[in-house]
Amino acid sequence: MQSYWRLHRYPILFAVACILFYWSFAYNLVRTDFVKLFMLFGALFYLTSKIIQFEKWNFKFLLVAGIVFRLVFLMAEPNLSQDFYRFIWDGELIKNGINPYLYTPDQIMEQGTISFPSMMELRDGMTDLNARHYSNYPPVNQILFALAAFLGGRSVLGATIAMRLIVVIADFGALYFGRKLLQNMNKANHLAFWYFLNPLVIIEITGNLHFEGVMLFFFVWALYLISKNKWLWATPVYALSIMVKLMPLMFLPLFIKYLRFKKSAVFYSLVLLACAALLLPFYSSVFIDNYTDTVGLWFSNFEFNASIYNVVKKIAVDYYEAKPWELIDSYGSLIQKIVLVLILLFAFIRKNRTLESLITSMVFALACYYFLSTTVHPWYVVFLLGFAIFTDYRFPLVWSCAIILSYYAYTNPDNKESLWLLAIEYILVIGFFIYEMIGSRPKKLYFFKK
């Protein structure tokens, strides 16, 4: 023990400090206290980077650290997001035989046709905006919500703990397949710990119960199967990833050069068929309208932590007297078309013959979408970070640190953002992105390689 302490005393001390900081984050922090939030997150990010630097070849040490950091949050109520109330609500509806896509929480409350013990607590906990709209979470997500509600019994805390265990298990899965995929790609497998130990991942996935980690688990699993030339087996796993969150759907066109035309056609068909099978139990005549209306809000109504959109809005409103509510609707419709064009360009201009090149195209596509988007919540970056580790690009790691600046908005009752802080965030992220694209590769723009 003494020799182990002498060899690892600094990482052990750093890990103990992280445990104390995570405890403070989980049980003694309100999101309006931005200074404390910022200081805790900054300290955690620094200490984590030092732990990985000292122990990057010590798998057991890093694994145990990641487990303990997550266990700190086991009994905590999420304090940076209210979304978990809606997750449990949808799970309780399924438990009671109600399709969560057919009724808004307010409609359920008004009708009074069903009742469950935590009903009022869940409705009061979610935002009014959430309660007025239909669920936008895909079927696999809904099944996991129902599982958490079932395992949690009649308690909100019980369902919260069950969801926490689900997302933690998914993180272990992402670590397991991530390390195997890194080995297949001849990369150092300790890179997976830049995801597994990342404070943003632990706080937003384990702490605040967002399911991007579950989506990433299925996505990385599918990529691993593809790397082993088991692309047929990858199709149902890829479909599961889509049916947790829809984001992997946008990457399908990128496979056309990697799998070639015939294989990619089969791949697309089987993935979409599996998605349809997962969707079938929830389908009804009004499902499509309800779901698309709710998803459409992200493009036409919501704005948070935007980059390019904030510049466009500032110019349009200040100099051309544009109406903000009309601008975001027009901008959202335009962005959908621009992102589709960009993905097709990445699919046909880049060679995408190797798996690393294919994943790099995915990184470019998702990063461009986020740069253009009107809404980029901090947990969105978790997915980008999770598969960027298989490439040479590290700007998502920078983003996972800088995005904490966006939480300044919650210090104000009306959630007003600081454009100066957002400018700092995106100057760091986009600046590092441009450096990695051009500055570190002076002879030939990396976009066209591989």
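Scanning the range 1-35 for residues that are among the basic types (K, R) and free of Cβ contacts under 8 Å to residues at least 12 places away in the same chain yields R6, R9. The residues on offer are L240, L182, L197, L246, and the sole one that is at pLDDT below 95, on the phi < 0 side of the Ramachandran plot, under 21 Å from the mean Cα position of the chain (by Cα) and among the aliphatic types (A, V, I, L, M) is L246. When residues in the range 84-98 are screened for being in contact with a Phe, Trp or Tyr (Cβ under 9 Å, 6 or more places away or on another chain) and open to solvent by 30 Å² or more (accessible area, probe 1.4 Å), 3 of them pass. Candidates P413, P378, P396: the one that is without any contact (Cβ under 8 Å) to a residue 24 or more places away in the chain and either over 17 Å from the mean Cα position of the chain (by Cα) or at negative phi (or both) is P413. Does any residue of the range 224-244 turn out to be assigned to a helix (DSSP H, G or I), closer than 30 Å to K95 by Cβ, open to solvent by 40 Å² or more (accessible area, probe 1.4 Å) and in contact with a helix residue (DSSP H, G or I) (Cβ under 7 Å, 6 or more places away or on another chain)? Within the range 224-244, one or more residues are assigned to a helix (DSSP H, G or I), closer than 30 Å to K95 by Cβ, open to solvent by 40 Å² or more (accessible area, probe 1.4 Å) and in contact with a helix residue (DSSP H, G or I) (Cβ under 7 Å, 6 or more places away or on another chain).
Scanning the range 254-289 for residues that are among the small types (G, A, S) and more than 19 Å from M243 (Cα to Cα), we see that the one that is nearest to the chain's Cα centre (by Cα) is S264. F364: among the aromatic types (F, W, Y), buried (at least 18 other Cβ atoms within 10 Å of the Cβ) and either modelled with pLDDT under 95 or closer than 24 Å to N184 by Cα (or both), yes or no? In short, yes.
Limited to the range 8-46, what total is found for residues that are in a loop (DSSP other than H, G, I, E, B), open to solvent by 30 Å² or more (accessible area, probe 1.4 Å) and more than 12 Å from I404 (Cβ to Cβ)?
As a first pass, look at the range 8-46 and keep what is in a loop (DSSP other than H, G, I, E, B): 28-33.
In the following step, the residues that additionally are open to solvent by 30 Å² or more (accessible area, probe 1.4 Å) were identified as 28, 30-33.
Next cut, more than 12 Å from I404 (Cβ to Cβ) only: 28, 30, 32-33.
Total meeting the criteria: 4.
Could you list, in sequence order, the residues of the range 161-181 that are closer than 26 Å to I403 by Cα, in contact (Cβ under 8 Å) with a residue 40 or more places away in the chain and not acidic (D, E)? Answer for the range 161-181, where residues must be closer than 26 Å to I403 by Cα, in contact (Cβ under 8 Å) with a residue 40 or more places away in the chain and not acidic (D, E): M163, R164, I166, V167, V168, A170, G173, A174, L175, G178. Can you confirm whether L344 is touching a residue at least 12 places away in the same chain (Cβ under 8 Å) and either in contact with a Gly (Cβ under 6 Å, 6 or more places away or on another chain) or surrounded by 15 or more Cβ atoms within 10 Å (Cβ to Cβ) (or both)? Answer is no for this residue.
Restricting to the range 385-397, and then to whatever is out of contact with any Phe, Trp or Tyr (no Cβ under 7 Å at 6 or more places or on another chain) and in a helix (DSSP H, G or I), can you tell me which residue is surrounded by the most Cβ atoms within 10 Å (Cβ to Cβ)?
Going residue by residue through the range 385-397, those that are out of contact with any Phe, Trp or Tyr (no Cβ under 7 Å at 6 or more places or on another chain) are 388, 390-394, 396.
Next, from what is left, pick out any that are in a helix (DSSP H, G or I): 388, 396.
On the way: A388: 26, P396: 28.
Across the range 385-397, the extreme among qualifying residues is P396.
Might you check whether a residue that is at pLDDT 90 or above, assigned to a helix (DSSP H, G or I) and either touching a Cys at 6+ places or on another chain (Cβ under 9 Å) or surrounded by 13 or more Cβ atoms within 10 Å (Cβ to Cβ) (or both) occurs anywhere in the range 286-306? No, the conditions are met nowhere in the range 286-306. The number of residues in the range 110-124 being assigned to a helix (DSSP H, G or I) and surrounded by 15 or more Cβ atoms within 10 Å (Cβ to Cβ) comes to 3.
Just checking, does the range 314-326 include any residue being within 26 Å of the chain's Cα centre (by Cα) and in a helix (DSSP H, G or I)? No - not one qualifying residue is present in the range 314-326. Taken together, the residues in the range 125-157 that are open to solvent by 20 Å² or more (accessible area, probe 1.4 Å), more than 30 Å from A276 (Cβ to Cβ) and at pLDDT 90 or above amount to 2.
Of I242, I256, all but one fail to be hydrophobic (A, V, I, L, M, F, W, C) and touching a Cys at 6+ places or on another chain (Cβ under 8 Å); the exception is I242.
The values are calculated or read from the model by the stated rules, or taken from the named source; none is laboratory data. Here the structure is a predicted model, which is why all the values come from computation and not from measurement. Here Cβ is always computed from backbone atoms with ideal geometry, including for glycine, and neighbour counts include all displayed protein chains. Each accessible area value is taken on the protein alone, full model and side chains, heavy atoms only, with ligands, DNA and RNA left out. Shrake-Rupley method; radii C 1.70, N 1.55, O 1.52, S 1.80 Å.
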